[in-house]
Ligand code: ADP
Ligand code: MG
């Protein structure tokens, strides 16, 4: 049988495992046991709908065998097993999210310390073993297969005779060295301790034949000088308590146990940011154990990511990712829901229409929202971490479905602003508003640092008003959806009426516009279709020009559509060139229009290009622009 090489990606991970100097090598056992438990979940689920399986829940077991002479530790299960193709696929490649994510993170930060932090999968056994043999027979197949690998140089698969369905993972432990005593994993009490520590909640019994010692009974005829004698005996012991974490009383579970459960089950090497337990009695009774991850999974903002909670019915796993239990805007939440109100052999299609699922989903939505609000109020830093990871999802939820959820989400939103660079909520902004301040202001652009310097921002900031800095593409859509917050309208600083005018100011502005008419007409004529209009600006204070837009598409929207390659439709903002009639350059332009039209034309082009630059729009002809500026200089 020819040796096969591991896929390149797997090889790297494997190398890291083999050469690991990590001190928590012990986590390999948890990984192998969790795989066994998954395999039994799969077969147990099949058994619910398929009588052929002929197994009961109570029939599933994990067995651990220690063989000191052979120096092997074996984990056996009677789960679903693997076919030859699955062996190849699952153990020759980095199979799953956990391992893959782990590898990616390792590549980013070459920091071996994170190994201990969970979800590293099957290969972690190579931290302690120099040879691994997997004997497996898939449910429904009558041949077994053996997969064997010494690590780096590949693996072999051969057919074997295996009488029962399921999988044995046989780990041959490395030789002890000065620093590392791998033999410790052959000590039954050490193994027992590890199971208690990491795998206690696994809901199948984990059994091990334990060698124990007891006093021999005292013989009838023992004399006065009888010394008690000891003998060894063997006893099968179940090492885990099997009570699911979410069914244990709240005050009996340590945060560490939740963390470990989360990291193991949801393949995250980081601890969760927040843990939430919910239980309700009543028409629909359920318990839920929910987690907010501290980072977004690598595929979170892609189509591949599947939301959902694990659904159990009285301790039996029914569905791995029940999407209906979570609203889109909280799709980052991970966890488990256990309810006796869903029958065991319900189909996925029917589940969607099950009333109790809907009721639970509605309840959970409220609880999650309340929890986030609590974090925001009591644990600001945690909330900021949450916001960094999942803020975009909340924003998305605010405007998705035509803003159906905006009211319930608006108080979770955070933006940086001229008053707070770490982030402010709308409520906090409102709290700081000046009494006469008419609107909540926002500016849209790429970077907060630049937004405060926009020509349009000056007059707002000079009033002592705060401006929200919207630097995320989706922020404008959030503003569109919200329109107002708690009675105060949200206003772009580009809007002409962002600051109210007195009658006098209005009149003065009209006069200025009238006086500038010839200049404006000239600009429109020489710039042609490039702009929709040239106008005397009400939003500029000391700066000479800026670009705004008319119509439904703003300049920022145009930019964001372009950035996402969605400008095929040719969506473009209708550009409006705004001029400040009080800026010195305006007077120069005005006289040029009558006295030196050639120069005036050049100035028109230069001003137009400057406005593009300030707005962060690309110049149509940068070299030409540069020439024009030079021509004005000489
Ligand atoms: P993960 O558990 O995150 O999928 P692992 O590296 O731990 O990744 O395991 C890889 C895959 O190998 C599993 O997804 C599963 O398909 C398969 N596998 C591992 N152990 C077993 C087992 N005891 N029984 C059946 N399949 C297994
Ligand atoms: Mg695994």
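Where a number appears in this text, it was derived from the coordinates with a stated rule and is not lab data. For clarity, every value in this text was computed on a predicted model and none was experimentally measured. Positions of Cβ are generated from backbone atoms using ideal geometry, with glycine treated the same way; all protein chains shown enter the neighbour counts.
Quick look at the numbers
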{"item": "Diffusion constant of segment 245-390 at 37 °C, which comes from Stokes-Einstein with the Kirkwood Cα-pair radius and 0.692 mPa s, µm²/s", "result": "209 µm²/s"}
{"item": "Viscosity 0.890 mPa s, temperature 25 °C, Stokes-Einstein D of the chain from Kirkwood C-alpha radius, µm²/s", "result": "82 µm²/s"}
{"item": "Segment 209-292: relative contact order as a whole-number percent, Cα under 8 Å and 6+ apart", "result": "20 percent"}
{"item": "Rounded to 10°, Cα long-axis angle of helix 27-49 versus longest principal axis of the chain", "result": "90 degrees"}
{"item": "Segment 245-390 - percent relative contact order, Cα under 8 Å, separation 6 or more", "result": "21 percent"}
{"item": "Helix 255-265 axis, angle to the chain major axis (alpha carbon atoms, nearest 10°)", "result": "90 degrees"}
{"item": "Taking 377, 265 and counting other C-beta atoms within 10 Å, the order from fewest to most", "result": "377, 265"}
{"item": "Net lengthening on full extension, residue 362/residue 598 (0.36 nm per residue, minus Cα-Cα)", "result": "78.1 nm"}
{"item": "Residues 236, 547 arranged by fewest to most Cβ contacts within 10 Å", "result": "236, 547"}
{"item": "Length-normalised contact order for segment 503-633 - Cα pairs under 8 Å, 6+ apart - percent", "result": "26 percent"}
{"item": "Over segment 415-492, equivalent-ellipsoid semi-axes from the Cα gyration tensor in Å", "result": "17, 15, 11"}
{"item": "Kirkwood Rh, Cα atoms: Rg over Rh of segment 503-633", "result": "0.99"}
{"item": "At R0 = 41 Å, FRET efficiency that the Cβ-Cβ distance of residue 613 and residue 328 yields, to 0.05", "result": "0.60"}
{"item": "Tilt relative to the chain, helix 380-403 - C-alpha long axis, 0 to 90 degrees, to 10", "result": "70 degrees"}
